[in-house]
Amino acid sequence: MNAQDDFPNEWMDGLGKAEGNDCCPTRTGRTSLGEFNYHLPLGDSCDTMEPSVLDTAQLFPLMETKLYKRRWVMLFIFSAYSMSNAFMWLQYGIISNIFMRFYNIGTLAIDWLSMIYFLTYIPVILPVMWLLDNRGIRDVVVVGSAFNCIGAWIKTSTAEPEMFAMTFFGQFVCSVATVYILGIPSRLASLWFGQQEVSTACSIGVLGNQMGIAIGFLVPPILVPNVDDMNELAHHIRIMFYISAGVATLIFVLVVIVFQERPEIPPTQAQAQARNIPPDEYSYTASILRLLRNKPFMLLVVSYGLNVGCFYAVSTLLNRMIIEHYPGEEVNAGRIGLTIVVAGMVGSLICGIWLDKTKTYKQTTLLVYLLSLIGMLVYAFTLNLGHLWVVFITAGVLGFFMTGYLPLGFEFAVELTYPESEGTSSGLLNCSAQIFGIIFTISQGKIIDKWGTLAGNIFLCIFLLIGTVMTGFIKSDLRRQKANQQTEVQTVSPTGSISSAQDYGATACSSPWQRQS
């Protein structure tokens, strides 16, 4: 994700032109581990020869770029914040039978402690996307981490059987924080990371959320055992709430003190050009309308929502599915959830590295989607065999592909929607996922109650099949990749030899809006 994704290239019109002999880009050596400097030497000149695809392209002057080692610190802090919030999403659901008995509530009420995350996202995402585009990534992360911290402390006072309403309110406040998280990885990657790192950096950003889900599967069954004494149970619940509140507070302090908006010197030429664009030339409403008219992107929005909505439903209802076939195995239910997420983290990282190397967005997305469907079918038909080790294996395969799909969707969306803002496209993807998450969780829960877990999982498989077919119909219009290819300029040395200068050479405009103007 280059910074060019943030703005239509027509806005760059008039910012400057690199003509014939005006410049010859050169690259200096490494300044230190993880840091690079590129600059344009004064007084040097060379002839340039553009590829045929750039016959009418507009070129821009080379600017200084640099990769900072602290980009990894920014990514780590965001991942920790995302991890804390994701943990609190699942701390009720994975031991749902215990909380149902503690608060004396039904299955739908306990499911809403997870689904409130989905519901809150839908109306709040549009103003948060506006805030991200107009105030910047730091303000969004600070506000989100504050909500996360406040919600965690509210829940510390709710370890009493009559305090369900207050614990639901605390969970609602935490759910507001998640709106400030899900659209950040792609934007953070484009602001801080180089062109060959963005997919990997986005995958790592998603991994933070997955790590929180993994901890949410593993830790609550250990901290809150299924004991009969209500006072002892309240004590264990209170300890879990205080631990999560303390971690959220520490992360909030780190965000306020350490997290930065962007590096002093941009990481890519695209970011350098984007910084020269007046903010008032960007129309947030027009950007959303263009995305809604983008047919390949809208197909991806629906197919992404189907896949991730299935993952949300499986995560929320996992305890109920496991306990139905393996009574008393709350701890192993958490371990199975951990297996799903850890395998998915590996899948996410591998997919991100693969995309950085190959740029095969549609092919990879379609293959992973199809394998998610196969994994779900295998999981559905082996869950009731009576062997937990089989469930661990099938759940791991399911998680590897279904969770590995998450960063693929983000990256494919950026390619299909270039040069729109990454935060806007990823926000619409996540909005679709929350809507389908609510529908699938409620529907599968009702189906499980009436017809059992096999019918509920087959229900999800049907929609995964629909999503696979829809992904196959997406026209692979990789706008960003084409634009990046147009940054390659053939430079001719005084001796007549030809060399290639990419990204730190001239940047070409290829926006459809520019061609129409």
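A few comments on the model shown:
- Rough spin-label spacing in nm, given labels placed 7 Å along Cα→Cβ, for HIS235 and ILE458: 4.8
- For segment 179-246: Kirkwood Rh in Å [reciprocal of mean 1/r, alpha carbons]: 14.5
- Solvent exposure of segment 292-393 amounts to 38 Å² per residue of accessible area, where only protein heavy atoms count and the probe is 1.4 Å.
- Gain on full stretching of the segment that runs from LEU367 to VAL331 - 0.36 nm per residue minus C-alpha separation: 9.7 nm
- Converting phi to 3J(HN,Hα) with the Karplus coefficients 6.51, -1.76 and 1.60 and the offset θ = phi - 60°, segment 284-289 yields 5, 5, 4, 5, 5, 5 Hz in sequence order, with x at every glycine or proline.
- Under the convention that each Lys and Arg Cβ holds +1 and each Asp and Glu Cβ holds -1, the size of the dipole of segment 318-387 around its Cα centre is about 360 debye.
- For segment 357-363, putting each phi into the Karplus relation 6.51 cos²θ - 1.76 cosθ + 1.60 with θ = phi - 60° gives couplings of 7, 10, 6, 8, 5, 5, 4 Hz, in residue order, rounded to whole numbers and with x for Gly and Pro.
- Extension gain, ASN134 to ALA286: 0.36 nm times the residue separation minus the Cα-Cα distance gives 53.3 nm.
The values are calculated or read from the model by the stated rules, or taken from the named source; none is laboratory data. Model, not experiment: these values are computed from the prediction. Here Cβ is always computed from backbone atoms with ideal geometry, including for glycine, and neighbour counts include all displayed protein chains. Remember, those area values only see protein heavy atoms, side chains included, never the ligands or the DNA or RNA. Shrake-Rupley method; radii C 1.70, N 1.55, O 1.52, S 1.80 Å.
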